[in-house]
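Student: Following this message is one structure expressed as structure tokens.
The values are calculated or read from the model by the stated rules, or taken from the named source; none is laboratory data. Because the structure is predicted, anything quoted here is derived from the model rather than measured. FYI the Cβ positions are ideal-geometry reconstructions off the backbone, even for glycines, and counts take in every protein chain you see. To get the accessible areas, we keep the full protein, side chains included, count just its heavy atoms, and leave off ligands, DNA and RNA. Shrake-Rupley method; radii C 1.70, N 1.55, O 1.52, S 1.80 Å.
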Amino acid sequence: MQRYLRLILTIMALIPAGSNAQTPPAIEGPVYVATYVEVAPSAVDEGAALLQRYRDASRKDAGNLRMELVQELGRPSRFAVLAIWADQKAFELHAKTALRDKLKAVQAAPYDERVHSGLSVGAREALRRGSVVVLTHVDVPGPFKDATVPLLQLLAEASRREAGNQRYEVQQQANRPNHFTVVELWADRKAYDAHVMAGHTRQFRDKLGPMSGALYDERLYQPLE
């Protein structure tokens, strides 16, 4: 046992500090970013105002194609920022913005930023007042990634044809390509509820279930102006 431990320690010692083994590959084309923020329940208004200022300022940055802010329905202390950057360089320049430092005074936990490439993105319609925004994190073990991709693409294509759909995007995480973020916009709750019970949605869930690596994390939000 000690021999194996020494071997492991030797291998670790040979890996240079700052190794880029965990560095996500550069994304070709637009960069899609979903950032989840949770503030203290007593700081909802303060957190919302801070995030609104951050959104408005970020829209002026070079290379920004989208910067939206949404608030979770039923959990007003939870927010998400949905962004698109023209390319990797524009995203990296923006990433120097000190959002993390500004949030420390009000956050309930560190924010969670997920960087993606667009897998099936369609039209980029803007948020509308009254829209229901749905963010879903789909997680499958690595060996099931290639089987999951076409399922998500088919679901996106079918969902865009539904009445009341305003946007349906599938984004693939850069550093974990077996993780996906699905961004949906629906005209109202009735349209969303109809989508949940649509045949293609139920077929997707049936096929994904045996491959899923975690709970199907679907959350509903409202646009924050």
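Student: Label-point separation (nm) for Ser212 and Ala198, each offset 7 Å from Cα along Cα-to-Cβ?
Tutor: 1.9 nm
Student: For segment 19-137, what relative contact order do you get, as a whole percent, if you take Cα pairs closer than 8 Å and at least 6 residues apart?
Tutor: 38 percent
Student: Carbon and sulfur atoms: what percent of the 1.4 Å accessible area of the chain do they account for?
Tutor: 54 percent
Student: Is the chain best put as rounded, prolate or oblate by its Cα gyration tensor, with a ≥ b ≥ c the root eigenvalues, rounded for a/c under 1.5, and otherwise prolate when a/b is larger than b/c, oblate when not?
Tutor: Taking the square roots of the gyration eigenvalues as a ≥ b ≥ c, the chain is oblate.
Student: So, with +1 on the Cβ of K and R and -1 on the Cβ of D and E, and no other charges, what is the size of the charge dipole of the chain about its Cα centre, to the nearest 20 debye?
Tutor: Numbers: 29 positive and 26 negative charges, 53 e Å.
So the dipole magnitude of the chain works out to roughly 260 debye.
Student: Continuing with this model, one more query. Which value in nm describes the separation of the simple spin-label points at Arg124 and Arg160, placed 7 Å from the Cα toward the beta carbon?
Tutor: 1.5 nm
Student: Which length gain, in nm to one decimal place, applies between Ala109 and Arg75 when the Cα-Cα distance is subtracted from 0.36 nm times their residue separation?
Tutor: Here the segment from Ala109 to Arg75 would lengthen by 10.8 nm.
Student: Which residues among segment 165-187 fall inside the zone where the amide N is under 17 Å from a point 7 Å beyond the Cα of Ala95, along Cα→Cβ?
Tutor: Only 172-177 fall inside the zone, counting backbone N under 17 Å.
Student: Considering only protein heavy atoms, what per residue accessible area in square angstrom results for the chain with a 1.4 angstrom probe?
Tutor: In whole numbers, the chain has 55 Å² accessible per residue.
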